[in-house]
Each structure stands twice: as structure tokens, then as C-alpha cells.
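Encoded as C-alpha cells, the structure appears first; notes follow it.
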């Protein structure tokens with residue numbers, strides 16, 4: 001079973017995934033397709049729930065997202081102020 005990062009009490013990871021996706025000008029469906037090419041089993045429903053903090057991402061998903069977004073793993077855990085989001 002894949003290890004999951006718990007974000008139920010603080011959905012900062014999902015918010016950062018959404019922020020990074022938008023910064024990279026990618027649609028959710030494009031990210032999902034790229035994840036599936038990396039053998040990450042994810043659907044649009046699961047990905048939406050991860051971005052909204054209702055589902056916990058796997059460590060493997062986050063590792064794949066670092067490649068897709070060309071970012072450091074720590075980007076998923078940054079506390080971003082609302083004024084910093086573009």
C-alpha cells in the first residue's frame with residue numbers, strides 16, 4: 001500500500017498543488033494524464049479531492065508532481081499567503 005500524506009487537518013498540500021498547476025498553466029486533466037504516464041493511478045475525481053484537501057496524495061504522486069511542475073518537494077509544504085497567489 002502506498003504511503004499517504006495526511007492533509008485532512010491542513011489542506012496546504014492540495015492548495016500548493018493547485019497553485020503549482022496554475023503557475024505551470026496546466027489544466028487538471030493535463031496533470032492527470034502526465035501522472036498516469038508515470039504509472040500513478042489517479043482519476044479526475046481523486047485529483048480534484050486531493051487539490052481540495054478531501055483526499056490524501058501518495059508520496060509517489062508528490063514525487064511525480066515534482067517532475068511535472070519542475071519544482072522541489074518542499075514546494076508542496078509551503079505556507080503561501082493569499083496575497084502571494086497569482
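Some values worked out for this structure:
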read-out	value
Most to least packed among 20-33, 43-56 [average Cβ atoms within 10 Å]	43-56, 20-33
For region 1-56, the Rg and Dmax computed from alpha carbons only, in angstrom	11.0, 32
For region 40-81, Kirkwood radius (reciprocal of mean inverse C-alpha pair distance, Å)	11.0 Å
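Every read-out reported here was derived from the displayed coordinates using simple, explicitly stated rules and does not represent laboratory data. Because the structure is predicted, anything quoted here is derived from the model rather than measured. Please note: Cβ atoms are built from the backbone with ideal geometry, for glycine as well, and neighbour counts cover all protein chains shown.
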